[in-house]
Structure formats: C-alpha cells, structure tokens
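> Take this structure, written in structure tokens, and hold onto it; I'll ask about it next.
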Amino acid sequence: MVFNTGSALLDAIVLAVVSREPEGTYGYKITQEVRQAIDLSESTLYPVLRRLQKDDCLEVYDMECGGRNRRYYRITARGSAQLRLYRAEWERYSEKITGMFEGGRGI
C-alpha cells in the first residue's frame with residue numbers, strides 16, 4: 001500500500017478484527033486478518049496490542065492450545081466504544097477523500 005498507516009488507523013483495524021470474535025482471538029490470527037487490508041508484520045502488531053491493552057480497550061487472557069499457552073485478546077466495553085468512534089470518523093473521512101477523487105463531491 002502506498003498510503004501511510006498511522007497509529008489511530010492501526011488501532012481501529014485491530015479493534016475491528018478482535019471485535020469479530022466475542023471470546024477473543026490470538027495474535028497470529030489477528031496478524032493474518034489485518035494483512036488482508038494492510039501490510040503488517042507481527043513485530044508491528046504486538047506494540048499495538050500492548051497499547052490497546054494499556055488503554056483498557058483490550059483484555060488479555062491465556063488459554064492452553066496443543067499443550068502450550070496461547071495469549072488471547074478480547075475487546076472491552078471501552079474498546080467497543082472507541083471502535084464506534086473510529087468507525088464514525090472513518091465514514092466522515094472516507095466520504096471527504098472519495099469526494100476529492102470524484103471531483104469535489106462530499107466536501
């Protein structure tokens with residue numbers, strides 16, 4: 001992708017991915033789903049997950065899987081509220097940008 005991905009957009013994408021699974025999901029799966037939209041390495045993802053956890057947008061728990069513990073991330077009420085704000089802001093932003101590309105509509 002030629003466009004820069006800022007931290008707010010990364011946060012929004014990660015929250016959207018995690019919100020799809022009510023019981024939570026694990027880091028590798030989050031990385032794979034995020035990669036469907038943007039190029040992202042696991043080394044970029046884990047600081048985002050830690051920041052969202054620190055901001056009380058995600059909760060973390062471990063569960064055994066195949067004899068090993070796997071760390072799961074689940075969206076919190078605060079994370080859901082933040083995701084709603086991101087979605088509303090994205091709609092406004094994307095309408096403006098689309099308007100610019102289409103000759104000034106939507107500005």
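> Computed FRET efficiency, Cβ-Cβ of Val60 and Ala81, R0 25 Å: what is it to the nearest 0.05?
Step by step, r from the Cβ atoms, then E = 0.85.
> What ranking do 8-15, 39-46 get when scored by the average of other Cβ atoms within 10 Å per residue, highest first?
Ranking, from highest mean packing down: 8-15, 39-46.
> Tell me, what ³J(HN,Hα) does each residue in segment 67-72 have, in order and in whole Hz, if you take phi through Karplus 6.51 cos²θ - 1.76 cosθ + 1.60 with θ = phi - 60° and put x for Gly and Pro?
For segment 67-72, the Karplus-derived couplings read x, 10, 7, 10, 7, 10 Hz, x marking Gly and Pro.
> Further, regarding this structure: Between Thr98 and Leu9, what's the calculated FRET efficiency when r is the beta-carbon distance and R0 is 25 Å? Round to 0.05.
After rounding to 0.05, the efficiency reads 0.95.
> Work out the FRET efficiency for Trp90 and Glu42 from their Cβ-Cβ distance, taking R0 = 30 Å, and round it to the nearest 0.05.
FRET efficiency, Trp90 to Glu42: 0.75.
> Using θ = phi - 60° and the Karplus form 6.51 cos²θ - 1.76 cosθ + 1.60, what ³J(HN,Hα) does each residue of segment 9-26 get, whole Hz, x for Gly and Pro?
Per residue, the Karplus-derived 3J(HN,Hα) values read 5, 4, 4, 4, 5, 5, 4, 4, 5, 5, 5, 5, 10, x, 8, x, 8, 9 Hz.
> When the accessible area of the chain is split by element with a 1.4 Å probe, what percent falls to carbon and sulfur?
Its accessible area is 49 percent carbon and sulfur atoms.
> Right, something else. Under unit Cβ charges (Lys, Arg +1; Asp, Glu -1), what dipole magnitude, rounded to 20 debye, does the chain have relative to its Cα centre?
The calculated dipole for the chain is roughly 80 debye.
> How big is the chain in terms of Cα radius of gyration and Dmax, in angstroms?
When restricted to the Cα atoms of the chain, Rg and Dmax are 15.7, 57 Å.
The values are calculated or read from the model by the stated rules, or taken from the named source; none is laboratory data. Fair warning: this is a prediction, and the values are worked out from it, not measured in the lab. Every residue, glycine among them, receives a Cβ derived from its backbone with ideal geometry; neighbour counts consider all protein chains shown. Note: accessible area is taken over every heavy atom of the protein model, side chains too, but ligands, DNA and RNA are not part of it. Shrake-Rupley method; radii C 1.70, N 1.55, O 1.52, S 1.80 Å.
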